[in-house]
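One structure is given here, and the rest of the page talks about it.
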Amino acid sequence: MLETAGELYRRYGYHGTGLNQILDESGAPRGSLYFHFPGGKQELAVSAIGASGREIGRGIEQVLRSTDDVGDAVSQIVAFLAADLSDSGWARGCPVGSVAMDAALTSEPVRIACGEIFAEWAGAVEHRLVETGRDAAEARELALLVISAIEGALLIARAQRDAEPLRAAGSRLRALLGTSKTTTASERRPETKEPE
């Protein structure tokens, strides 16, 4: 049920996905829903968001660990998302972003679940940036920018049925994050002119 719910949320969002649809597509017995999720649709959504969000998070961490160049890693992640969205006929958005867009104002538990997953994703990027030499405050801002840019690009690419927004985001993020260490003020040397 969790896997099916996560996939349906990617395609139809929270309000566009019904319990009967989840049960029919998962093949789960109808009586099992309220046994496992006595809170019904809302509790199922919170669990599905956590499961699919953390699965994506593990993938993000794996790619980030595959290289010391965080810009390259982020670019790889964006390229994967662009291919996945295009291959699905522009149907598979972000399982967390799609739910957050249409349920954040109507369900506080769902809003909290989405916010926690976004924070975990940003935390993974932030941690890797600090490991590769970025200042902690800068790393936090850059990590939030990465997740915000990717989520926004996914939304626009899906609406336009064109991967260009994702390609643009991946390119700019790669350029922004491409150096593994930022030069600090103490490391900068003043320019000196050769005597004439």
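The values are calculated or read from the model by the stated rules, or taken from the named source; none is laboratory data. Here the structure is a predicted model, which is why all the values come from computation and not from measurement. Positions of Cβ are generated from backbone atoms using ideal geometry, with glycine treated the same way; all protein chains shown enter the neighbour counts. Remember, those area values only see protein heavy atoms, side chains included, never the ligands or the DNA or RNA. Shrake-Rupley method; radii C 1.70, N 1.55, O 1.52, S 1.80 Å.
Quick notes on this structure:
- Only a single criterion out of (1) among the aliphatic types (A, V, I, L, M); (2) assigned to a helix (DSSP H, G or I); (3) over 16 Å from the mean Cα position of the chain (by Cα); (4) at pLDDT below 95 is not satisfied by residue 101, namely (3).
Rundown of residues vs (1) open to solvent by less than 30 Å² (accessible area, probe 1.4 Å); (2) farther than 15 Å from residue 14 by Cα, yes/no style:
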| site | (1), (2) |
| --- | --- |
| 40 | yes, no |
| 49 | yes, no |
| 54 | no, yes |
| 63 | no, yes |
| 85 | yes, yes |
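- Of all the residues in region 65-83, those that are surrounded by fewer than 17 Cβ atoms within 10 Å (Cβ to Cβ) and among the β-branched types (Val, Ile, Thr) number 1.
- Filtered residues of region 12-34 (kept if assigned to a helix (DSSP H, G or I) and either surrounded by fewer than 16 Cβ atoms within 10 Å (Cβ to Cβ) or hydrophobic (A, V, I, L, M, F, W, C) (or both)): 19, 20, 21, 22, 23, 24, 25, 30, 31, 32, 33, 34
- Enumeration of residues in region 165-196 that are more than 26 Å from residue 117 (Cβ to Cβ) and modelled with pLDDT of 95 or more: 175
- Considered as a group, the residues in region 103-139 that are under 19 Å from residue 54 (Cβ atoms) and acidic (Asp, Glu) include one that is surrounded by the fewest Cβ atoms within 10 Å (Cβ to Cβ), and that residue is 116.
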